[in-house]
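Step one of this worksheet: look at the structure below.
The values are calculated or read from the model by the stated rules, or taken from the named source; none is laboratory data. All values reported here derive from a predicted model rather than from experimental measurement. So basically every Cβ, Gly included, is an ideal-geometry build from the backbone, and we count neighbours across all protein chains shown. Heads up: the accessible areas ignore ligands, DNA and RNA and are worked out on the full protein's heavy atoms, side chains in. Shrake-Rupley method; radii C 1.70, N 1.55, O 1.52, S 1.80 Å.
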Amino acid sequence: MFRTTLEEAARRLPDCEAAVLVGRDGMVVEHWAVGGGPAPEVLAAELTPVIRSVEALCRNAEGGAMLEVLVRLSSWSLLVQPVNPEIFLVFVAGRDAVPGRLRFEAMRAAARLEADLR
């Protein structure tokens, strides 16, 4: 069920390399990836402390809840979107990915996944 949602969302994004559901504990819940893209386990393991730091910033600087994290690297772009308090959605797309398109597809997929998690 989750994999189908991830795959459908990823296929709507040009140059999408991976779509990953990550638990707050850093474990991969489900993923979809093209061959040769970033490993879902590495994304989950390396992003979890980053997300915790961003959430600490939100709390300590009174910034409110984290809505998304966008990281643009020389090789690809990555967007993290909370699905619920325990699960995050991660999209990895080409370096020239349009951030607005990533946000749109992430919000759309997160809403669907959140409903499926109930």
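Some notes on this structure:
- GluC sites (Glu not before Pro) lying in DSSP loop within segment 49-118, provided at most 10 other Cβ fall within 10 Å: GLU62
- Cα-centred dipole magnitude for segment 74-118, charges only on beta-carbon of K, R (+1) and D, E (-1), debye, nearest 20: 140 debye
- Electrostatic tally near GLY37: other residues with Cβ closer than 11 Å to its Cβ, Lys and Arg +1, Asp and Glu -1, net -2.
- Spread of Cα-to-Cα distances over 10 Å intervals beginning at zero, given as percent, for the chain: 14, 50, 31, 4, 0
- Average Cα contact separation per residue, segment 5-80, under 8 Å, 6 or more apart, as relative contact order %: 17 percent
- Each Lys or Arg adds one and each Asp or Glu takes one away; over the other residues whose Cβ falls under 13 Å from the Cβ of ALA65, this sums to -2.
- Summary of the geometry: segment 15-40 and segment 53-90, compared by the centres of their Cα atoms, lie 16 Å apart.
- The chain: most fluctuating residue of ALA65, ALA106, ALA97 per GNM, C-alpha cutoff 10 Å: ALA65
- The fraction of accessible area contributed by carbon and sulfur in the chain is 55 percent, rounded to a whole number (1.4 Å probe; ligands and nucleic acids excluded).
- In the chain, helices alone account for a calculated mean residue ellipticity at 222 nm of -14500 deg cm²/dmol, with every DSSP H run of four or more residues adding -39,500 (n - 2.57).
- Surface accessible to a 1.4 Å probe, per residue, for the residues of the chain, Å²: 54 Å²
- Neighbours of LEU78, meaning other residues whose beta-carbon lies under 11 angstrom from its beta-carbon, give a summed charge of -1 when Lys and Arg score +1 and Asp and Glu score -1.
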